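A.B. asks: Take this structure, written in structure tokens, and hold onto it; I'll ask about it next.
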Amino acid sequence: MTEAERGWSDDAHRYAEGAGAPPDGAAERAGVDRFVAAVQAYRNGLPSLGDELDVRIMAGVRARPRPVRVTGWRWLVAPRAVSVRPALAAAAAVTLIVASSVLTLLLLRGEAPAGLDGGATGSILVRFEVHAPQAERVALAGSFNAWSDSSIVFTRGGDQDQWTVTVALAPGRYQYLFVVDGSEWIPDPLAHAQIEDEFGQVNSLLVVGPRGVVRS
Amino acid sequence: MAGGLSDGRDDAVIVQRVLRGDVEAFGVLVHRYREAFGRYAVASCGDADVAADAMQEAWIRAYDALATCEHPDRFGAWFFRILRNQCHNHRSRSRTHASLDDVTVPAPTRTDARVEWGELRGLMERALQRLPTEQREAFVLRHVDGRPYAEMAALLGEREDRLRMRVHRAREAVRRELEGHYD
């Protein structure tokens, strides 16, 4: 193996990093010195991105809608029995109790969940929550409603900060966004995954499983 | 050496101000991190105009997604990841029409220091273009920006030992490029 194929010694690498003494060999030291000079020449020759770029960036920023703080969907309910292994029975019971209470609540109020159309067989009820205290209107748009910004509208909660909506979805994979005040399309920051579409728009991903297991 | 990450508490205060509606406060972050990461962007994109576009796009995305920045005290690292993606995207697009042949390196000379300086710069530029992306960005952060490995690990979300290995390999590749030209 030639010296060139072996590469530099550890001393030479440390010296190139600016730590340690120069390597013993004159040829190796000359090589490292040339490397350091090349890095310096490259660094000095790099054009800088000047202050005028800041002006351009801020002009673009001012034209954007104000960023809105949101929190995403919290949990889901499945309006049917789920068979579980004994070890998981306790956790499942909690889920079913929660599911029952929400369903009961919905029935007592006489509300049909958004998109349910009177009760879709095999659908899973998914509850979305958004924390947007300064919003006037919040809607849910996604691949499940042809990205309509008006068909699924959130209801403002009693504390005025929290918006909720429950949607019946068949098992499948969906992309969605929150639409705040009709103009700001915002991905769910708590979603399990975000997908960038062909236009560079980032959408949140939601997966509804056949047993009511939903992942975002 | 490039500017390091700033005091996180200061960044967090600015982020809160922007989220409360003070858009102009965002300019403080823009100035701070455009300066800190400008050299990385130019070296990473291989072209100042491409880097400026990547930087601008990164800031717009950062502003739009500011409410999703879970740790505003680590804004710099959060923004760096957005910038890094934009640099990769813009570099890929611009490379469609560029090739290594675009980098011209003068013939070896020992007679004129200015010519040798330009020669070294051209060699380094060509060597960087030939590096795999991960090695190039590690090399740039370490040798061109002069950042400590701990800071690089925070920016790239990687372990320090892995970054040391990437820089080592990149340095060997640059060494071969230089030796191949002069020897």
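The values are calculated or read from the model by the stated rules, or taken from the named source; none is laboratory data. Quick caveat, the model's predicted, so the values are computed rather than measured. Here Cβ is always computed from backbone atoms with ideal geometry, including for glycine, and neighbour counts include all displayed protein chains.
A.B. asks: Looking only at the stretch A:129-148, count every residue that is assigned to a strand (DSSP E or B) and either over 25 Å from A:V208 (Cα atoms) or of a type in the set (A, V, I, L, M) (or both) and tell me the total.
C.D. replies: Number satisfying all stated conditions: 5.
A.B. asks: Counting just the residues of the stretch B:41-89 that are charged (D, E, K, R) and under 11 Å from the mean Cα position of the chain (by Cα), which one comes out nearest to the other protein chains (Cβ to nearest Cβ)?
C.D. replies: Checked the stretch B:41-89; the qualifying residue nearest to the other protein chains (Cβ to nearest Cβ) is B:R81.
A.B. asks: Name the residues in the stretch B:62-77 that are free of Cβ contacts under 8 Å to residues at least 12 places away in the same chain, part of a helix (DSSP H, G or I) and out of contact with any Pro (no Cβ under 6 Å at 6 or more places or on another chain), would you?
C.D. replies: B:D64
A.B. asks: Considering each residue of the stretch B:114-148, count those that are of a type in the set (F, W, Y) and crowded, with 24+ Cβ neighbours inside 10 Å, and give that number.
C.D. replies: Going through the stretch B:114-148 one residue at a time, the tally reaches 1.
A.B. asks: Tally up the residues in the stretch B:100-157 that are within 21 Å of A:N44 (Cβ to Cβ), at pLDDT 75 or above and among the β-branched types (V, I, T), please.
C.D. replies: Looking only at that region, the number is 2.
For (1) closer than 25 Å to B:A48 by Cα; (2) in the same structural domain as A:A139 (by TED's automatic domain parsing); (3) surrounded by 15 or more Cβ atoms within 10 Å (Cβ to Cβ); (4) modelled with pLDDT of 85 or more, each residue gets a yes or a no:
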position	(1), (2), (3), (4)
A:W8	no, no, yes, yes
A:D11	no, no, yes, yes
A:A41	yes, no, yes, yes
A:V61	yes, no, yes, yes
A:R85	no, yes, no, no
A:I97	no, yes, no, no
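A.B. asks: Just give me the residues in the stretch A:10-32 being among the basic types (K, R) and either within 10 Å of chain B (Cβ to nearest Cβ) or farther than 15 Å from B:H143 by Cβ (or both), in sequence order.
C.D. replies: Listed by number, the list holds a single entry, A:R29.
A.B. asks: On to the next question. Looking at (1) more than 10 Å from chain A (Cβ to nearest Cβ); (2) modelled with pLDDT under 95, can you tell me which one B:L163 breaks?
C.D. replies: For B:L163, the failing item is (2).
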